[in-house]
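**Q** Supplied in structure tokens, the structure appears directly below.
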Amino acid sequence: LGEIEETPLEKRRTFAFLLYGGLYQGMAQQVIFNEIFPILFGQGTDFPTVISKVLFDSLVITPFICLPVAYIVKSVIFRYSFNEAMSRYKDDVLNNGLLVKYWSLWAPVQCLTFGVVPQHLRIIFIAFVSFFWLIIFSSITAKGQKERDLDDSCTLEDGVSCRIDG
């Protein structure tokens, strides 16, 4: 077995994800999934209704509300601009596979959410799965941050080679 690398707890990043989890995943999803979705798509658990909800969540809610809100919350905690938050979101989508990883987990989970889980338990079910998703999500955003830090610390001395030490 390999050694486990210990990393210090990043309090601000942890706080950002906790705040995001409470505000968006706790409160906003209650309204979106249990109040708005039944109006838009109906209460049914039949295949067409479930697929409509999953597709709308995956292709509209997630890329335009869910994930951007996480980056905005993080930008408030870390004190960087809205434009920087959206730039980081775009970078994680294009270079770190954020949406593909999101869809790989959440499309099947949302099929269960809308097809099997009773409405009054949906947010609790999503919160349970979100615990694991936030670990994945945090590692994706941390990877993107590490790459941005490397880019920022790299200066070209001779126009070709990078001096890592500043």
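The values are calculated or read from the model by the stated rules, or taken from the named source; none is laboratory data. Everything quoted here is computed from the prediction, not taken from an experiment. Here the Cβ positions follow ideal geometry from the backbone for every residue, glycine too, while neighbour counts run over all protein chains shown. The protein model used for the area step is the full one, side chains on, heavy atoms only, and it has no ligands, DNA or RNA in it. Shrake-Rupley method; radii C 1.70, N 1.55, O 1.52, S 1.80 Å.
**Q** Which pairs turn up if I take residues in the range 17-33 that are on the phi > 0 side of the Ramachandran plot and look for partners that are open to solvent by 60 Å² or more (accessible area, probe 1.4 Å) and part of a helix (DSSP H, G or I) with beta carbon separation below 6 Å, at least 6 apart in sequence or on another chain?
**A** Close Cβ pairs satisfying both conditions: none exist.
**Q** Taking the range 77-93 as the region of interest, how many residues are basic (K, R), part of a helix (DSSP H, G or I) and within 20 Å of G21 (Cα to Cα)? Please lay out each step first, then the result.
**A** Taking the range 77-93 as the starting set, the residues that turn out to be basic (K, R) are 79, 88, 90.
From what's left, part of a helix (DSSP H, G or I): 88, 90.
So of that shortlist, the ones also within 20 Å of G21 (Cα to Cα) come out as 88.
Adding up the residues that qualify gives 1.
**Q** Separate question: Suppose we keep only residues that are modelled with pLDDT of 95 or more and part of a loop (DSSP other than H, G, I, E, B) within the range 94-117. Which one would you say is nearest to A142 (Cα to Cα)?
**A** My answer is V117.
**Q** What number of residues within the range 35-60 satisfy the criterion of being closer than 22 Å to W103 by Cβ and assigned to a helix (DSSP H, G or I)?
**A** Selection size over the range 35-60: 18.
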